[in-house]
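Quick notes on the structure that follows.
The values are calculated or read from the model by the stated rules, or taken from the named source; none is laboratory data. Worth saying up front: this structure is predicted, and the values here are computed from it rather than measured. Please note: Cβ atoms are built from the backbone with ideal geometry, for glycine as well, and neighbour counts cover all protein chains shown. Ligands, DNA and RNA are excluded from the accessible area calculation, which covers all protein heavy atoms including side chains. Shrake-Rupley method; radii C 1.70, N 1.55, O 1.52, S 1.80 Å.
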Amino acid sequence: MKPKSLVFALLLILGAAAASATDADAILGVWATDPEGGGGPAHVEISTNGDSYEGKIIWLGEPLYTADDEGESPGTPKADHNNPDPALRSRPIIGLVMLDGFVFDGKDTWHGGTIYDPNNGKTYKCKIRLTDDGKLKVRGFIGFSMLGRTEVWTRVPNGG
């Protein structure tokens, strides 16, 4: 291979690697959950954690208990009461890591992670896909991806 061809090939490879790294970080930012998804409106900030991605709840449409919430003190922050670990049931929902351990597949999907649902205290396998129109399809499932539920999340302008 001629030296010019070798340099060109190396530049192509390095450029492709840089493009993949940029694409992997396309998931970063603040996302609004589907308000019809069962938990009410929330914002989740997706960030890196080492070589993987995680998402933390940073905003709730209704962050405090109301007089209508049976057994709760009105005006106190909502807590993770459904967690299977009694020691974690008093932790606040805001600040809770609900997405954990996602790895980018090199195309448009982050997989290998889990999603925690504070509404029922259960953790599910999960995959996340970035659609062509810039939305996230977040699919939680048990066992196989076919047995699950998908929510569509939208990016929050200016990070919420």
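Worth pointing out:
- Looking across D85, D133, D100, D105, one residue alone is without any contact (Cβ under 8 Å) to a residue 60 or more places away in the chain, under 12 Å from the mean Cα position of the chain (by Cα) and open to solvent by 50 Å² or more (accessible area, probe 1.4 Å). It is D100.
- Filtered residues of segment 142-160 (kept if open to solvent by 50 Å² or more (accessible area, probe 1.4 Å), touching a residue at least 24 places away in the same chain (Cβ under 8 Å) and part of a loop (DSSP other than H, G, I, E, B)): G160
- Applying the criterion of being in contact with a strand residue (DSSP E or B) (Cβ under 9 Å, 6 or more places away or on another chain) and open to solvent by 70 Å² or more (accessible area, probe 1.4 Å) to the residues of segment 73-82, the residue that is farthest from S47 (Cα to Cα) is P74.
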